[in-house]
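Colleague: Please read through the structure below; I'll follow up with questions.
The values are calculated or read from the model by the stated rules, or taken from the named source; none is laboratory data. None of these values were measured; they are calculated from a predicted model. All Cβ positions, even for glycine, are placed from backbone atoms using ideal geometry, and neighbour counts span all protein chains on display. Just the protein is used for accessible areas: all its heavy atoms, side chains included, with ligands, DNA and RNA removed. Shrake-Rupley method; radii C 1.70, N 1.55, O 1.52, S 1.80 Å.
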Amino acid sequence: MLAFHALVLLIVPSFIWLGFWQLDRAEQRAAAVDLQRDNVAAEPVPVEELAAVGADVDPGDRWRTVEAEGEWDTDHQLLLRNRDGSQGVGFHVLTPLVTEDGTALLVNRGWIERGETAQDTPEVPPVPQGTIEVTGRLQFGETEENTGLREHGGLPEGQIMFVDVDRLSDELPYPIYGGYVELIEQDPAPDPAPERLALREENQGMSASYAFQWWVFTIVVVVGWIVLIRRELRDPPQDGTGDEAAVGPEGEPEDDTEAEDASSDRIQRTQN
């Protein structure tokens, strides 16, 4: 019983903490939903107002619509592996847009199908030549921590797992803005073009209901604990000491009344 009581004293605070943890996650997700809605609805601004060379995008500016003008550099174009599209898993096309001042903006132009095997590099739709005006949703750089992805060695040339801006800034021949942009539209528009990326909408998930469930579990444990304690107090376990006191070492009754009754029975059997 002592072990059971100790277990209850451990479980109850743990369940209460888990409930508050899930409630905190629900609040964070609700804040992300509000941020996405407000930023998507905000008016477009030039990319240099929200992004800078050597600095990642502020999380509060994620999903803001930005505009830029420049020329595509397909010589340094990259493919992001294992990306979802309408027809399954394929690649995202990451192409630098070199602006007039020589700074480049990494632009995710959209999704294309994979090749016959995972090692194939599929053909990418060409880009328009000359000056291009682009509009897109701003995103901060991708890392192993915020994506859960891991960089792999031995990938085909021109393929990467995620948009590691710091690493790419060391490999490209020009400075690049922090973060990258998911293309919404460009002028002039190419045909054909990679499949446009849909907005991945944030959602609050089930965290609030999970918090409620943890607290219900807490109540169930406490109520069960109280019921068990009351049962133990009402019906204590029998140790058998009363029965042992009623008989002697040879099994004969020790009580005087029981001894007299036994003697009378023997006398009556003799007379008969």
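Colleague: State all residues of the range 94-142 that are more than 22 Å from G54 (Cα to Cα), without any contact (Cβ under 8 Å) to a residue 60 or more places away in the chain and surrounded by 13 or more Cβ atoms within 10 Å (Cβ to Cβ); if no residue qualifies, say none.
Modeller: E113, R114, G115, T121, P122
Colleague: Which pairs do you get when a residue that is under 23 Å from A208 (Cβ atoms) and open to solvent by less than 30 Å² (accessible area, probe 1.4 Å), found in the range 21-49, comes within reach of a residue that is of a type in the set (S, T, Y) and assigned to a helix (DSSP H, G or I), reach meaning Cβ atoms under 7 angstrom, with the pair 6+ apart or on two chains?
Modeller: Q22/S207; Q22/Y210; A26/S207
Colleague: For the range 189-210, give me each residue that is touching a Pro at 6+ places or on another chain (Cβ under 7 Å) and either open to solvent by 60 Å² or more (accessible area, probe 1.4 Å) or not in a loop (DSSP other than H, G, I, E, B) (or both). Reasoning before the result, please.
Modeller: First pass over the range 189-210, keeping only residues touching a Pro at 6+ places or on another chain (Cβ under 7 Å): 190, 192-194.
Selection gives P192 alone.
Colleague: Consider V89 carefully, then state whether it is among the hydrophobic types (A, V, I, L, M, F, W, C), surrounded by fewer than 18 Cβ atoms within 10 Å (Cβ to Cβ) and under 27 Å from the mean Cα position of the chain (by Cα). It would help to see each step written out before you state the result.
Modeller: Working: among the hydrophobic types (A, V, I, L, M, F, W, C): yes; surrounded by fewer than 18 Cβ atoms within 10 Å (Cβ to Cβ): yes; under 27 Å from the mean Cα position of the chain (by Cα): yes.
Yes.
Colleague: Would you please name the residue that is nearest to the chain's Cα centre (by Cα), looking only at residues in the range 1-31 that are at pLDDT 80 or above and of a type in the set (V, I, T)?
Modeller: Once the filter is applied, the top-ranked residue is I16.
Colleague: Would you check which residues across the range 50-66 are part of a loop (DSSP other than H, G, I, E, B) and either open to solvent by 80 Å² or more (accessible area, probe 1.4 Å) or over 17 Å from R200 (Cβ atoms) (or both) and list them? Outline the logic, then answer.
Modeller: From the range 50-66, those part of a loop (DSSP other than H, G, I, E, B) are 50-51, 54, 56-58, 62-64; that's our starting set.
Matches in the range 50-66: L50, A51, G54, D56, D58.
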